[in-house]
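Enquirer: Below is a structure I'd like to ask you about.
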Amino acid sequence: MIAAPLERVVRVFARPAPWWSNISAVAARELRDAVRARWFLLYTLAFAGLGLGISYISAAGSGAAGLSGYGRTTAGLINLVLLVVPLMALTAGAGSIAPDRERGMLSYLLAQSVSRWEVLLGKYLGLSLALLACICLGLGVCAGVLALTGAGTSTDARSLLWLGGLAFGLALGMLSIGMLVSVLAHKGSVATGTAVFLWLLMVFASDLGVMAGVLALRMRIETLLAVGLANPLQVFKMWSLHAIDASLDVLGSVGLYAADTYPHGLAWMFAASLAAWAVVPLVVAGLVFSRRSGV
Amino acid sequence: MNPSRFIMGLLGALVLPCGAPAQPPGAGGVSPLASRIAAAAPGDTIEVGPGTYPGRLVIDKAVRLVARPGPDRPMLDAQGYGDAVEIRAENVELRGFIIERTGSELDGENVGVRVLANGAVIQDNELRDVLFGVDCKAALRCVIRNNVIGAKDLDIARRGDAIRLWRSDGTLIEGNTIRDGRDSILWYSKGVIVRNNLAERCRYGFHLMYSNDVTIEGNTLRANSVGIYFMYSTGVTVRNNIIDRNRGPSGYGIGLKDTDAFVIENNILSGNRVGMYLDNSPVVRTNRVLIARNTIAVNDVGMQFLPSVKGNTLTGNTMLDNFEQISVLGRGDLSDNEFDLDGAGNFWGDYAGYDADHDGVGDTEYESQTLFENLMDREPKLRLLMFSPVQQAIEFVGRALPAIRPEPKFSDLYPLMRPAGATLVAPARAGGGNIWIAAAALLGVPSMIVGFAFADRLLARPAARRNCPAMGGATA
C-alpha cells in the first residue's frame, strides 16, 4: 500500500492531515489497479515497442554517413507521444469514475469516511503516477537502446528527459479531461467512447481545422500561434522543440515569430497552457461530482 | 543661395558637432612606431618588441613589420577611436601583432587593418574588439592568413565585417578564424581563394557580391545565420567545406542567387535550416553547373529551389535525414533540372526501392511526391504542423487516393543504393555517458512508482489500514 511508506516519509515533517491519508489511500488503490489492469500493460508495451522501433531506425540510419541522429529520434518520439499519450491518458481518465459507478463500487467507496473531492483527487494522483511510470518506461527503453547501440549523445539524453517531463505534462491535461468525461457520463462504455472521440478530435480534427484555416482563411501568424497555444498537443510539441533545440525554426514562420516575439516568456506561456488544461477540467469535474446528489 | 543647400548646410552645422564622438584625450594619436617606419628604407624588416603601441599606425613604405618572437606579442591599440592600422604602400607585411580597440562608428568604417595598396600580407595577427577586421580597398593580390578576427559586442547589424574586399582581385584568404563578426564579404573581387577558414557565430560566413572565379574550399562554417551566400557571381567553385548548423530566419548553408557556372562538390551541409538554397541559379540555362557528391543531412530542408530554377545537375549527393529533402517554394516542379549524370543519381535516405541487379543503382525511380510537403511549400505557415500526427495522416491520404496525389516535384531515375557523398568525421557531440544516466533515470521512475504501490506486499508487512478497509483488499 502506497499510503504507509509515503506516510512514514511525510511524518518526518508533519503529521499527515486526514485528507492526505484518504487521497493517498485512494491513489494507491488506483495505482495498483492500473498496474494490474490490461490497459496499462498494453499501452506500456505499445509505447515502449514503438519507441524502440523509432530509436533503432534512427540509430541505424544515421550511422551511414557518420552523422549523429541530430533531432531525428526526438522528432519521431514527439510524434509517438502525440499519438499515444493523449489516448492513454484520456481513456485512463474516462475509466476512473464511470465504471466504478456502474459496478456499485463508487457507492461502496463513498460510504466510507472519504469526501468526493478526496476520491477524485486520489484517483487523479494514482492514475497520473501510473501514466508517469508508463511514459518513463517507454522513453527509458529508447534511452537504453540508444545507449547500447552507442548512437546516443548527450543531446539525446537531455531531449529524452525533457520529452519525459513534457509528455507527463500533456498526460496530466488529458487525464483531467478524461476524468471530467467520466464524471459526466453515466456508463463506462459511454465515457470510453467519448474519450476516444475526443482523442480523435484533439489529435487530428483540430490540426485539420488549423490547416483549413491557413489555406482557406489565410490565418495570420499571430492567430496561428494563439490557436497553437490553446491546443495542449501543439504546446507539448512546441515546448519540446523549444527546449531541445533552443529555437522553433523547424516550425517555419510561426515558430520564428514566437521565438522572436517572446524570447523569454515563451516557456511560461507553454507552462501556463498545460497547467490550465490540467487544472480547469479537473476542478469542473470536482464541482460536478461533489454537487451531484446520489452517485 | 539655393535654399535646399542652405537647409542642408544648416543641418550639417547642427549635426556635425554632435555626430563625431569626442576624441578621448591621447587617443587617435600617431603610433610611436611611426618614427621607426619613417626611418626605415623600403624593403626593410622592422622587428617590434612586446609592449603596447597606442594610436593609429600608417604604413606608407614597403616594409615588413614583424613582431619579435616570444610569449608577449606587441599590441597595436587604437584606444577605441578610429582605425588601428592603415597600409598605403605596396607589398607591406604585417605579422604577429595583436590589433585591438578600434572605434565603433559604422559610417567611419573603423577598422583593424585597412589595406589600400597591392600585395599586402596580413598574417598571424589577432584582431580583437574591432569594428571591421581587415578591409581591402582596390588592393590586389593580398594575403590574409592565419589571423584570428573577433568583433565588438554590439547588436549584429551594428558590427562591422570581419573581412571585406572591395575590387581586390587575386586575394588569398586562408586559415583565419573568424568569430562573432557581421559578414566576410567579397565585392567585385575576381580570382579570390578562400581556404581553410573557420567562421562561427557570424551573420554571413562568406558573402560574394559580383565576385567571379572564386574558389572556396576546406572551410568550416558553423552556427552563422548563413554559411556562404553567392549573389551575381560567375564561375565559383565550392568544395570540401563543412557547413553546419547555420540557422535562424535566413539559415542557409549555401545560398545562390543569380549565380552562374558554379561547381559545388564534396561539401557537408548538416543541421542547417536550409542546406542549399537556389534562386535563379544558374542564370543561363545552358551553362553547365554541377552539384556533386555533397552530403546534405539532418537539415530542416535539404535543398530549397525557387520554382523558376532550371539547369542544375545533381549527381552523387547524399540526401539523408532532412525533415524535407527538396522543397520548391510556391508551386512548380524541377523538371528542368537533372537529378543524375551519366546514369548516376543521388542517394536518398528515404528511397524505398530495390536493386535486383546489384549494380548499385535502384531499379525504380525516386520520386518526391508527398502531399503534406506540397501543401507546406505552397503555404509555409503550415510548417507549424510538422511532427503532428496529422502530417502522416495527410501523407497517407495522399498516397491512398490517387485523385489528390500531387504531381511529383522531380524524379531521380538512377537513385544510388549507397551514400557516395563526402563522409564526415562526426561533429563532436560527445557525452555518450549521459545517455546511460538518462536511461537509468527514466527506468528508475517506474520501478519506484510500482515499488511504492506494492511495497506492502513485497515486504509482507501488515499495513495499518486506515479509514476504510475497502481500499486495502477489495481490488484483488
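Enquirer: Among the residues of region B:225-242, which ones are of a type outside the set (S, T, N, Q) and closer than 24 Å to B:Val284 by Cα?
Expert: B:Ile228, B:Tyr229, B:Phe230, B:Met231, B:Tyr232, B:Gly235, B:Val236, B:Val238, B:Arg239
Enquirer: Go through region A:102-120 and give me each residue that's surrounded by 21 or more Cβ atoms within 10 Å (Cβ to Cβ) and within 15 Å of A:Val181 (Cα to Cα).
Expert: The answer is A:Leu120, and nothing else.
Enquirer: Can I ask one more? Given (1) at pLDDT below 90; (2) closer than 19 Å to A:Val84 by Cα; (3) open to solvent by less than 40 Å² (accessible area, probe 1.4 Å), identify the lone condition not met by A:Asp156.
Expert: Among (1) at pLDDT below 90; (2) closer than 19 Å to A:Val84 by Cα; (3) open to solvent by less than 40 Å² (accessible area, probe 1.4 Å), the lone unmet condition for A:Asp156 is (2).
Results for (1) under 38 Å from the mean Cα position of the chain (by Cα); (2) at pLDDT below 90; (3) open to solvent by 40 Å² or more (accessible area, probe 1.4 Å); (4) among the acidic types (Asp, Glu), shown as yes or no for each residue.
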site	(1), (2), (3), (4)
B:Leu10	no, yes, yes, no
B:Ala13	no, yes, yes, no
B:Thr52	yes, no, yes, no
B:Ala62	yes, no, no, no
B:Val66	yes, no, no, no
B:Met75	yes, no, yes, no
B:Leu94	yes, no, no, no
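Enquirer: Can you tell me how many residues within region B:241-256 are of a type in the set (A, V, I, L, M, F, W, C) and closer than 14 Å to B:Phe305 by Cα?
Expert: Residues that pass the stated criteria total 2.
Enquirer: Does B:Leu413 satisfy being more than 8 Å from chain A (Cβ to nearest Cβ), surrounded by fewer than 19 Cβ atoms within 10 Å (Cβ to Cβ) and modelled with pLDDT of 70 or more?
Expert: yes
Residues are listed down the side, and each one gets a yes or a no for (1) assigned to a loop (DSSP other than H, G, I, E, B); (2) under 28 Å from A:Val203 (Cβ atoms); (3) of a type in the set (A, V, I, L, M):
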| site | (1), (2), (3) |
| --- | --- |
| B:Ala356 | yes, no, yes |
| B:Leu375 | no, yes, yes |
| B:Phe387 | yes, yes, no |
| B:Gln391 | no, yes, no |
| B:Gly398 | no, yes, no |
| B:Ser411 | no, no, no |
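Enquirer: Let me ask something else. Determine whether region A:166-186 contains at least one residue that is over 22 Å from A:Gly126 (Cβ atoms) and open to solvent by 60 Å² or more (accessible area, probe 1.4 Å).
Expert: yes
Enquirer: What do you reckon, is B:Val263 away from chain A (no Cβ under 14 Å), open to solvent by 40 Å² or more (accessible area, probe 1.4 Å), touching a strand residue (DSSP E or B) at 6+ places or on another chain (Cβ under 6 Å) and closer than 24 Å to B:Leu221 by Cα?
Expert: In short, yes.
Enquirer: Also, I was wondering about something else. What residue, of A:Gly255, A:Gly213, is small (Gly, Ala, Ser) and more than 24 Å from A:Trp162 (Cα to Cα)?
Expert: A:Gly213
Enquirer: Of everything in region B:193-209, what is surrounded by fewer than 24 Cβ atoms within 10 Å (Cβ to Cβ), part of a loop (DSSP other than H, G, I, E, B) and over 11 Å from the mean Cα position of the chain (by Cα)? Give them in sequence order.
Expert: B:Asn196
Enquirer: Has region B:317-330 got at least one residue that is open to solvent by 40 Å² or more (accessible area, probe 1.4 Å) and over 18 Å from the mean Cα position of the chain (by Cα)?
Expert: Within region B:317-330, one or more residues are open to solvent by 40 Å² or more (accessible area, probe 1.4 Å) and over 18 Å from the mean Cα position of the chain (by Cα).
Enquirer: Moving to a separate point now. May I ask you to list the residues in region B:103-151 that are acidic (Asp, Glu) and open to solvent by less than 10 Å² (accessible area, probe 1.4 Å)?
Expert: Within region B:103-151, B:Asp135 is the sole residue that qualifies.
Enquirer: Another one. Can you name the residue in region B:152-182 that is open to solvent by less than 10 Å² (accessible area, probe 1.4 Å) and in a strand (DSSP E or B) and is also nearest to B:Glu90 (Cα to Cα) among such residues?
Expert: Among those residues, the one meeting the criterion is B:Leu165.
Enquirer: Of all residues in region A:262-282, how many are of a type outside the set (Gly, Ala, Ser), open to solvent by 10 Å² or more (accessible area, probe 1.4 Å) and touching a residue at least 24 places away in the same chain (Cβ under 8 Å)?
Expert: The number of residues fulfilling the criteria is 7.
Enquirer: With region A:188-261 as the region, which helices (runs of 4 or more DSSP H) entirely inside it contain at least 1 residues that are at the interface with chain B (Cβ under 10 Å from one of its Cβ atoms)?
Expert: A:206-217, A:221-230, A:232-245, A:252-261
Enquirer: While we're here: Does A:Leu90 qualify as being in a helix (DSSP H, G or I), within 9 Å of another protein chain (Cβ to nearest Cβ), modelled with pLDDT of 75 or more and buried (at least 18 other Cβ atoms within 10 Å of the Cβ)?
Expert: no
Enquirer: Keeping to region B:210-230, report how many residues are within 15 Å of the chain's Cα centre (by Cα) and either open to solvent by less than 20 Å² (accessible area, probe 1.4 Å) or not hydroxyl-bearing (Ser, Thr, Tyr) (or both).
Expert: Qualifying residue count for the region: 12.
Enquirer: Among the strands (runs of 3 or more DSSP E) confined wholly to region B:288-339, which include 1 or more residues that are within 25 Å of A:Ser247 (Cβ to Cβ)?
Expert: It comes to B:295-297, B:301-305, B:318-320, B:324-328.
Enquirer: I've got another one for you. Restricting to region B:251-260, what's the tally of residues that are farther than 14 Å from B:Gly302 by Cα and within 11 Å of chain A (Cβ to nearest Cβ)?
Expert: 0
The values are calculated or read from the model by the stated rules, or taken from the named source; none is laboratory data. Computed from a predicted structure; not experimentally measured. Here Cβ is always computed from backbone atoms with ideal geometry, including for glycine, and neighbour counts include all displayed protein chains. Only protein heavy atoms, including side chains, enter the accessible area calculation; ligands, DNA and RNA are left aside. Shrake-Rupley method; radii C 1.70, N 1.55, O 1.52, S 1.80 Å.
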